[in-house]
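Peer 1: The structure that follows is given in the form of structure tokens.
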Amino acid sequence: MNNDVLALKYRPRFFKDVMGQDIAVETLQNSLELNKIHNAYLFSGTRGMGKTTMARLFAKSLLCKEGVNREPCGKCSTCLEIDSASHLDLIEIDAASRTKVEDTRNLMDNVQYLPTSSRYKIYLIDEVHMLSTKSFNALLKTIEEPPEHVKFLLATTDPEKLPETVLSRCLHFKLKSATTETLEIYLKKILDKENIQYDESSLHLITKHSGGSIRDSLSIAEQCISYCSGKITEEKISILLGDISVDKLERVVSYLMKNQATEIVNYVDKFEDNVNYENIFDNLIHIFYKMITKKFISNDYELDSNEEKNIHLFYQILVNSKKELANITDKKSYLIMILLRMITFSDQINPEPDDSSKKKNNIVKNKNDDIPKKSKENALKKQTKNLDIIIDKDICKKIFKELNLTGLQLHLAENSLLVIQNDEQKLLIDEKKKDIYPPSCIADFVKHISNHLNSEINPVISYEREIETISSLEQQKIQSNKDSQYDSIKDKPEIKKIREMFDAQIDKDQIKQLKK
Ligand SMILES: [Zn+2]
């Protein structure tokens, strides 16, 4: 099935039809208008960005029989021949199939001959990074001092592979990916012209799958048109594109936020095997991103501190585990495992009251316990210089807060405790979180502390229960808040009345402060 019919039909024939490349278009049009034409132009960008389209438009404007203008006339024989790729003075070369130096030399030998019918002879070399070093050298000589009548238009997906000598002789245009909004507006226009019916959400799905490429968005739209035979709907094309709807993923997220592991396993297990799991990871990451940012832009949306921490953690776990996805055969099981891991390592949003966590924790005895805080800090500063540091749990918490960490490292700081005394260096990590921090994360964390202290430390890593960490202290604070809130309302007459009327209990964890 040919999916390029739309892409070919709607390929821009004028600069004004080019979408989302305003800067490149404006610059090219200005140089045409002022007739300041360079010897060589380079167009770079990922596939489907319109590199060769842009180069052909520029060539058309340079060769148009009506003269060099901001736009080609589009009607003369030259314009029409370039549209049908048959003009003799626009020589298109696919470097991927002509990498040898002999090919380039033959080409350069012909450079000296005058154009057949136009003012310039233009070489459009696509995928130019594929040329061999020798070919580049052969090309370079000509680009440096080409005859008056010769111009070079180079296109590449990988400009970094071009020799500096070639790059420095080209006017370089880096074409941008089109934004989702641009693509949606564009698709709408095309589908309306083609009299195709669609629902709005299907457009969003198509653009999401096209990776910012106008050409790909048209190819996908074309597949959808033939698949849906009639109206394009999100429901139908999500099957075609192997997509799981945002609604379904939001349901997964709500299970996650409520620690409902069984529901997650049952629900995700019903996903089709052919769905695009990379997209699922991307979408989940995006949902968590939205949840955090919404807090800052919306007044009537609140997250408690535990929820917020969990979202940061979920985001980080998804970003990290997505990197492994390509190596996994059974992607559905992998997704389920990752979701369960997220639950295992999240702080319990509704923690069970736990007596042991309420106990004041003192497993780290410190010889400085009786020294006032201020003098302890002074002692720290002094001793850091002499590489003889004493760090107890209070100083540790202060240092960890000063590190200004983010993501997984912040999580580690909140769930660990550094103790340094009497030649002993220990990084105690909450045993329940043992599997969450990869060795590289711990190593980076230690490096951060060393930098902060101006002194290299090399602590023994030890996983222990009931450590007094920033996180456990906050947990205790939340619990005691809940206790005191419970105490303050349980005997109120109106509450008593409701309890008696409905024979009800107060759920301590559901008590929430009204927004001020
Ligand atoms: Zn023309």
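The values are calculated or read from the model by the stated rules, or taken from the named source; none is laboratory data. Keep in mind that this is a model prediction, so the values were computed, not measured. Cβ placement follows ideal geometry from the backbone for every residue including glycine, while neighbour counts extend to all protein chains displayed. For accessibility, only protein heavy atoms count, side chains too; no ligands or nucleic acids. Shrake-Rupley method; radii C 1.70, N 1.55, O 1.52, S 1.80 Å.
Peer 1: For Phe43, which sequence-distant residues (separation of 5 or more, or a different chain) have an amide H within less than 5 Å of its own amide H, given hydrogens modelled in the peptide plane?
Peer 2: Amide H neighbours of Phe43, under 5 Å, 5+ apart: Leu154, Ala155, Thr156, Phe173.
Peer 1: Return the distance in nm (one decimal) between the two label points of a simple spin-label model at Lys134 and Lys492, each offset 7 Å from Cα along Cα→Cβ.
Peer 2: Computed distance between label sites Lys134 and Lys492 equals 8.8 nm.
Peer 1: So, one more: So what is the accessible area of the chain per residue, in Å², with the probe set to 1.4 Å?
Peer 2: Ligands and nucleic acids excluded, the result is 56 Å² per residue.
Peer 1: Here's something else I'd like to know. Skipping prolines and chain starts, which residues have an amide H placed within reach, meaning under 5 Å, of the one on Ile461, given they are 5 or more residues away or on another chain?
Peer 2: Residues meeting the criterion, in which the H sits 1.01 Å from N, are Leu427.
Peer 1: Here is a further query. With just the Cα atoms of segment 29-105, tell me how far they stretch along each of the three principal axes, in Å, largest first.
Peer 2: For segment 29-105, the Cα extents along the three principal axes come out at 38, 26, 24 Å.
Peer 1: Then there's this: Over the chain, with every protein chain in place, what whole percent of the accessible area is carbon and sulfur at 1.4 Å, could you tell me?
Peer 2: 49 percent
Peer 1: Over the alpha carbons of segment 295-345, what is the largest minus smallest coordinate on each principal axis, giving the biggest first in Å?
Peer 2: Here the Cα extents, ordered largest to smallest, are 43, 21, 15 Å.
Peer 1: If you take the Cα Rg of the chain and divide it by 2.2 N^0.38 Å, with N the number of residues, what do you get?
Peer 2: 1.37
Peer 1: In what order, largest first, do Arg119, Arg465 sit by accessible area if the probe radius is 1.4 Å?
Peer 2: Order by accessible area, largest first: Arg465, Arg119.
Peer 1: To continue, here is another question. With every protein chain left in place, what is the accessible area of Glu272 in Å² (1.4 Å probe, nearest 10)?
Peer 2: About 120 Å², ignoring ligands and nucleic acids.
Peer 1: To the nearest 10 degrees, how steeply does helix 214-228 sit against the main Cα axis of the chain, on a 0 to 90 scale?
Peer 2: Taking Cα atoms only, the helix is inclined about 80 degrees.
Peer 1: Continuing with this model, one more query. Suppose we look only past 20 Å in the calculated P(r) of segment 399-486. What percent of the Cα-Cα pairs does that tail hold?
Peer 2: Roughly 36 percent, once rounded to a whole number.
Peer 1: Can you work out the FRET efficiency for the pair Glu456 and Asp158, with r the C-beta to C-beta distance and R0 = 35 Å, to the nearest 0.05?
Peer 2: With a Förster radius of 35 Å, E is 0.30.
Peer 1: For each pair in Lys121/Lys174; Lys36/Lys174; Lys189/Lys231; Lys36/Lys161, compute the distance between the two Cα atoms and list the pairs where it is over 18 Å.
Peer 2: Lys121/Lys174; Lys36/Lys174; Lys36/Lys161
Peer 1: Does anyone have the angle between helix 493-502 and the longest principal axis of the chain? Alpha-carbon axes, 0 to 90°, nearest 10?
Peer 2: Roughly 80 degrees, rounded to the nearest 10.
Peer 1: At 20 °C and a viscosity of 1.002 mPa s, what translational diffusion coefficient does Stokes-Einstein give for segment 180-240, taking Rh as the Kirkwood radius over Cα pairs? Give it in µm²/s as a whole number.
Peer 2: Approximately 194 µm²/s, per Stokes-Einstein.
Peer 1: Something else: Per DSSP H run of n ≥ 4, the term is -39500 (n - 2.57); total these for the chain, divide by its residue number, and report the mean residue ellipticity at 222 nm rounded to 500 deg cm²/dmol.
Peer 2: Calculated from helices alone, the mean residue ellipticity at 222 nm is -15500 deg cm²/dmol.
Peer 1: Order Ser321, Ser177, most accessible first, counting only protein heavy atoms with a 1.4 angstrom probe.
Peer 2: Ser177, Ser321
Peer 1: Sticking with this one: May I ask you to evaluate 6.51 cos²θ - 1.76 cosθ + 1.60, the Karplus curve with θ = phi - 60°, for each residue of segment 324-329 and list the ³J(HN,Hα) values in order in whole Hz, giving x for glycine and proline?
Peer 2: Each residue's phi maps through the Karplus curve to give 7, 3, 4, 8, 9, 7 Hz.
Peer 1: Expressed as cubic angstrom per residue, what is the convex hull volume of the alpha carbon set of segment 222-343?
Peer 2: Convex hull of Cα atoms, per residue: 129 Å³.
Peer 1: Given q = 0.09 Å⁻¹, what are the Debye log10 I(q)/I(0) values for segment 21-174, with equal point scatterers placed on the Cα positions and solvent ignored?
Peer 2: Scattering profile of segment 21-174, log10 relative to I(0): -0.25.
Peer 1: Let me ask something else. What order do Asp423, Asp282, Asp273, Asp199 take when sorted by accessible area (1.4 Å probe), most exposed first?
Peer 2: Solvent-accessible surface, decreasing: Asp423, Asp273, Asp282, Asp199.
Peer 1: Between the helical axis of 51-63 and the dominant principal axis of the chain, each derived from Cα atoms, what acute angle in degrees is found, rounded to the nearest 10?
Peer 2: 30 degrees
Peer 1: For segment 153-159, what does the Karplus curve 6.51 cos²θ - 1.76 cosθ + 1.60, with θ = phi - 60°, yield as ³J(HN,Hα) per residue in whole Hz, taken in order and with x for Gly and Pro?
Peer 2: 10, 10, 10, 7, 8, 9, x
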